[in-house]
Amino acid sequence: MSDGMSITITGVDKWISRLERASVTLPAKIGEAMYAEAELIMTAAKKLTPVGGGAYSPRDPHPGTLRASGHVVPPVITGADVLITLGFGGAASAYARAQHYREDYRHAVGQALYLETPFVAAAAGIGDRIAARVGMDVV
């Protein structure tokens, strides 16, 4: 029989408790961070959204309606899954889709791919920015 050493670890219960609390609060914090990022994307997208009127679309009775329809829906959290939805159009989604994808349309104000362009630009580093908002390090 050898003389052995023993190690006692204390505080395990506290760590387990903290991890359990984090599993409940973390999705909501991530949702808040994702929502903030989506709002930044939407702000950039609205600056690129076509606005009718003038010589390019004189029959547009409500210039600026498409731009005003841009929205970000608050996060939907299901377990550990967080969903953020952003878009344009609402009831006029077919019009918004055409304006977005038809690169042959010419606009005095705005451009095609008005949501995709800022979304793609924001994709670089979005995980790091969300982690920073939540207060975590990304491995």
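Just so it is clear, none of the values below were taken in a lab; they were calculated from the coordinates. Keep in mind the model is a prediction, meaning the values are calculated, not measured. Note that each Cβ is placed from the backbone with ideal geometry, even for glycine, and that neighbours are counted across all protein chains shown.
Applied to segment 28-37, the Karplus parametrisation 6.51 cos²θ - 1.76 cosθ + 1.60 on θ = phi - 60° returns per-residue 3J(HN,Hα) values of 5, 5, 5, x, 4, 5, 5, 4, 4, 5 Hz, with x for Gly and Pro.
In deg cm²/dmol, rounded to 500, what helix-only [θ] at 222 nm does the chain give when every DSSP H run of at least 4 residues adds -39500 (n - 2.57) and the total is split over its residues?
Estimated from H runs of four or more residues: -15500 deg cm²/dmol.
Taking the Cβ-Cβ separation of T65 and A36 as r and a Förster radius of 30 Å, what is the calculated FRET efficiency to the nearest 0.05?
0.70
When Cα extents along the principal axes in Å is calculated for this entry, the matching label among [x] 47, 39, 27; [y] 95, 25, 19; [z] 40, 32, 26 is [y]. Would any residue of segment 72-111 have its amide N under 20 Å from a label point 7 Å out along Cα→Cβ of A131? List them or say none. Counting only backbone N, you get 80-83. When Rg and Dmax are taken over the Cα atoms of segment 56-121, they come to 14.3, 49 Å. I want to check the label-to-label distance for K47 and M5. Put each point 7 Å from Cα in the C-beta direction and report it in nm to one decimal. About 6.0 nm, to one decimal.
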